[in-house]
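To start, the structure itself, in structure tokens.
The values are calculated or read from the model by the stated rules, or taken from the named source; none is laboratory data. If you're wondering where the values come from, they're calculated on a predicted model, not measured in any experiment. Note that each Cβ is placed from the backbone with ideal geometry, even for glycine, and that neighbours are counted across all protein chains shown. What goes into the accessible areas is simple: the full protein's heavy atoms, side chains included, and nothing from ligands, DNA or RNA. Shrake-Rupley method; radii C 1.70, N 1.55, O 1.52, S 1.80 Å.
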Amino acid sequence: MVGQGEPPGISIGRTNVNKTQQTLLLPTYDHRPGTGPTLVFLHYWGGSARTWDLVVDRLAGRDVLTVDFRGWGRSRALPGPYTLDQLAEDTIAVLADAAVTDYVLVGHSMGGKVAQLVAATRPSGLQGIVLVGSGPAEPAAHVTPEYQETLSHAYDSEESVAGARDHILTATELPAWVKARIVTDSSTVAAAARSEWPLRGIAQDITEYTRMVDVPALVVAGEHDQVEPVGVLREHLLPYLFQADFAVLPRTGHLIPLEAPAALAAVLTTFAPTN
């Protein structure tokens with residue numbers, strides 16, 4: 001194992017900001033008490049805490065926590081920066097504020113990359129990590145400056161969001177209300193937060209930090225995911241995890257929490273059974 005340490009930029013344990021100031025700057029989150037360990041859900045670029053609603057609804061009685069990342073959803077008014085390091089620092093602060101002490105991180109896409117950075121700090125109470133269609137530790141070869149520039153315009157308008165949703169993000173037909181929610185969530189964002197992931201975060205190599213994760217991991221891939229394909233996760237994420245299982249959910253694309261919520265809830269329950 002790599003020696004103890006924490007990624008530069010994740011310094012919540014050393015901050016001099018008092019608790020009142022921290023609370024004022026915390027992202028909005030929802031904590032539903034129940035049986036642990038707590039499942040802590042971190043959303044994708046374009047999502048929000050409610051991206052996980054269909055999964056959470058299938059986890060009756062479970063202790064769950066969902067977060068609107070800084071700059072997104074109900075947290076869109078929070079000031080930047082909106083970097084991966086800041087989102088990880090925010091997540092650690094939210095866990096402290098919610099007094100969560102026994103938990104599993106569940107990160108989707110961008111949220112998966114944030115989860116890797118949080119887990120790399122080896123926080124007390126972390127029992128495992130589930131990476132759902134996650135941004136890999138090592139950027140894939142297709143993440144070129146040209147790709148990043150194109151991606152940065154995916155959410156420029158409701159029409160462009162709908163196009164990305166229907167032709168890139170999903171492989172299944174979603175209910176009309178879910179499709180409308182995707183458009184709303186992808187549009188409810190601070191401009192700087194919207195551009196941070198495609199222009200910088202997606203290309204950030206975090207392999208040295210992912211190697212620091214010392215808890216069991218589960219990588220969940222969508223069979224038809226065009227954003228983070230099965231092969232990319234096998235080659236650019238799995239090799240950097242200490243102890244990881246791999247599951248491929250059939251017939252789903254990138255938006256696994258919305259396309260296959262029942263299957264994902266079942267996988268989570270198997271990986272992290274209640275105490």
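Is the shape of segment 165-275 best called rounded, prolate or oblate, per the rule: a/c under 1.5 gives rounded, else a/b larger than b/c gives prolate, else oblate, with a ≥ b ≥ c the square roots of the Cα gyration tensor eigenvalues? It is oblate, given that a/c is not under 1.5 and a/b is not larger than b/c. Across the chain, Cα pairs under 8 Å and at least six residues apart give a relative contact order of 23 percent. Rounded, prolate or oblate: which fits segment 25-168 when a ≥ b ≥ c are the square roots of the eigenvalues of the alpha-carbon gyration tensor, with rounded for a/c under 1.5 and prolate only if a/b beats b/c? Judged from the Cα gyration tensor, segment 25-168 comes out prolate (a/c at least 1.5, a/b above b/c). Taking other residues whose beta carbon is less than 15 angstrom from the beta carbon of S160, and scoring Lys, Arg as +1 and Asp, Glu as -1, yields -3. Counting Lys and Arg as +1 and Asp and Glu as -1 over every other residue whose Cβ lies under 13 Å from the Cβ of T83, the net charge comes to -1.
Expressed as a whole percent, the accessible area of the chain that falls on carbon and sulfur atoms is 53 (1.4 Å probe). For segment 224-236, putting each phi into the Karplus relation 6.51 cos²θ - 1.76 cosθ + 1.60 with θ = phi - 60° gives couplings of 10, 5, 8, 7, 10, x, 3, x, 5, 5, 5, 8, 10 Hz, in residue order, rounded to whole numbers and with x for Gly and Pro. With a simple spin-label model that places each label point 7 Å from the Cα along the Cα-to-Cβ direction, the separation between L25 and D156 comes to 3.4 nm. When only the Cβ of Lys, Arg, Asp and Glu is charged (+1, +1, -1, -1), the dipole of the chain relative to its Cα centre reaches about 580 debye. Toward the positive end of the charge dipole of the chain, about the Cα centre and with charges on Cβ (Lys, Arg +1; Asp, Glu -1), which of H236, F69, I182 goes farthest? The Cα lying farthest towards the positive end belongs to F69.
For E173, the accessible area of its heavy atoms, probed at 1.4 Å with every protein chain present, is near 140 square angstrom. Note on A60 and A99: their simple-model spin labels are 2.8 nm apart, each label 7 Å out from Cα toward Cβ. Computed with a 1.4 Å probe over protein heavy atoms only, the accessible surface of the chain comes to 41 Å² per residue. Charging the Cβ of each Asp and Glu at -1 and of each Lys and Arg at +1, and nothing else, the dipole of segment 73-170 about its Cα centre rounds to 300 debye.
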